[in-house]
1. I'd like the residue in the range B:146-159 that is modelled with pLDDT of 90 or more and over 13 Å from residue B:117 (Cα atoms) and, out of all such residues, is surrounded by the fewest Cβ atoms within 10 Å (Cβ to Cβ).
2. Filter the range B:8-47 down to the residues that are modelled with pLDDT of 75 or more and touching a helix residue (DSSP H, G or I) at 6+ places or on another chain (Cβ under 6 Å) and list them by number.
3. Picking from B:56, B:74, which residue would you name as being more than 14 Å from every other protein chain (Cβ to nearest Cβ) and either touching a helix residue (DSSP H, G or I) at 6+ places or on another chain (Cβ under 6 Å) or under 30 Å from residue A:24 (Cα atoms) (or both)?
4. In the range B:57-69, is there at least one residue being in a loop (DSSP other than H, G, I, E, B), assigned by TED's automatic domain parsing to the domain that holds residue B:179 and out of contact with any strand residue (DSSP E or B) (no Cβ under 6 Å at 6 or more places or on another chain)?
5. Just name the residue that is surrounded by the most Cβ atoms within 10 Å (Cβ to Cβ) out of those in the range B:90-103 that are at the interface with another protein chain (Cβ under 7 Å from one of its Cβ atoms) and out of contact with any helix residue (DSSP H, G or I) (no Cβ under 6 Å at 6 or more places or on another chain).
6. Kindly indicate the residue of the range A:1-28 that is more than 9 Å from chain B (Cβ to nearest Cβ) and surrounded by 14 or more Cβ atoms within 10 Å (Cβ to Cβ) and also nearest to residue B:123 (Cα to Cα) among those meeting that condition.
7. Specify which of the listed residues (B:131, B:84) is farther than 22 Å from residue B:196 by Cβ and more than 7 Å from every other protein chain (Cβ to nearest Cβ).
8. If you take just the helices (runs of 4 or more DSSP H) that sit entirely in the range A:42-113, which of them hold at least 3 residues that are in contact with a helix residue (DSSP H, G or I) (Cβ under 7 Å, 6 or more places away or on another chain), within 23 Å of residue B:93 (Cα to Cα) and within 14 Å of chain B (Cβ to nearest Cβ)?
């Protein structure tokens, strides 16, 4: 394994390329900015609910606006397209080019994607900061410590999404359906992640499931931390759940990688 | 050094007939076939050698190269390259080889070429001084100057191939696996790539294993060839010896001042074409000098020339002969 200084150089270089790739087409950037607005559609639904029946599970108008505004940034920063990309790499044989380099293909792909996320952050975080200052209904009331923990959870959430995506990506060594399998997993989990609504709004059974399963750690946890809506015990349990799932999926990726690569057929060419 | 002993790589390949019915049937039951892409191949290549790896399509050339580069785990047998077992994919091993595939793109498609080279600098841990030296050398040998800042997707095939070579050789590898490096290039492009490979081999003493369907690539770069067909090694040795074995004749062309009966030429060799004053004949190598002397003594010769058959024709003969042999062996087994 290369020394830390060399690893930093490798990551910086890959991230620079990922950043450059994401910026290569203006149309792509415009579409990305539009997709960041999707959570605001869910927000309008919940605002009309609050208007009709009042606050729901402790979430009032200001709470929902803040949740989805912060969520719009968190969703973009903790998402990962690596499962589909990997599926393509294996199916078309492009993985061969990455395998020939003296750095793990997983590092290469994640490095590129982190670069793309840096661009997402550079575009969306300033908008969120300005909106927080300008809109009285948007309030990030957590302490500085909450904000720091929220950013840590955001990084952890991206790492967990990526580890989950890579676990399914490794299925590509056995099946050509890894991307679709991941879509199924993520589709089922989106509801429990806090994508559709804050987890505390869900029925008790789903709330219990959300507390155990990995999805909430990737979306709901960082949002609620940044908004300062969790007490110390909830923060400890949330961070421990995130760390536990991250460790479990990291081990799964390593095991599947070492077995899958032996089956790799390096098709084409 | 490259050492290959009893290498085999088998694949399980699924089959499905055309049509909706077959698609549905394949959901429940799929037909598989075991393909022996490489079967019990052994050879050894010394440091600094340039070896042509020849065979018809589907012969097992690329599969062998992929095993040597660590992309595939062998089904059986052992492979050692520079003292490493390739499929362990150690960073020290990968830093000393390159595998350039004519139809594969290793560059970042949407970015200028220099970005891919910069990433390789980081990945291969090339210091700034060596990077500059290496890049200057490659820019000079491959004429890359105007291409470095161009988006890769905007490059022509020939330009892209030159950039691929630069990306593959920036870290100055000791072993080069080149799979069809001139595929699709025009004559000028082919020539440029050939000269570059020869120059690189001379300057850095690198070992080169090259596959190509263009015989000119092989004849201009390699003295030794390894011939593989149906996954089995058929020949390993001097290219000139192979040509002599496969084509034990030369072409004698004669032009006369006065016409003679066409049957006259048959007394000198196997007539390929004749029109009374001009004839091309296939003559056994050992008899060439004697036939030429007789022609000059017995006929009104204006001009006589002796040529080697083209390498393309020779290889076609070799592959056709091997195919016939394989069919005969299969028939005998049945």
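1. Per the stated criteria, the residue is B:146.
2. B:9, B:37, B:38
3. Only one candidate passes the filter, namely B:56.
4. yes
5. If we take residues in the range B:90-103 being at the interface with another protein chain (Cβ under 7 Å from one of its Cβ atoms) and out of contact with any helix residue (DSSP H, G or I) (no Cβ under 6 Å at 6 or more places or on another chain), then B:101 is surrounded by the most Cβ atoms within 10 Å (Cβ to Cβ).
6. Taking the range A:1-28 and keeping what is more than 9 Å from chain B (Cβ to nearest Cβ), we get A:3-5, A:7-8, A:15, A:18-19, A:22-23, A:26-28.
The next check asks that each one be surrounded by 14 or more Cβ atoms within 10 Å (Cβ to Cβ); those that pass are A:7, A:15, A:18-19, A:22-23.
Details: A:7: 9, A:15: 12, A:18: 15, A:19: 17, A:22: 21, A:23: 22 Å.
Step by step, filter the range A:1-28, then rank; the result is A:7.
7. B:84
8. On the way: elements: A:61-78, A:82-92, A:95-99.
Here the list reads A:95-99.
The values are calculated or read from the model by the stated rules, or taken from the named source; none is laboratory data. Please read these numbers as outputs of a predicted model, since none were measured by experiment. All Cβ positions, even for glycine, are placed from backbone atoms using ideal geometry, and neighbour counts span all protein chains on display.
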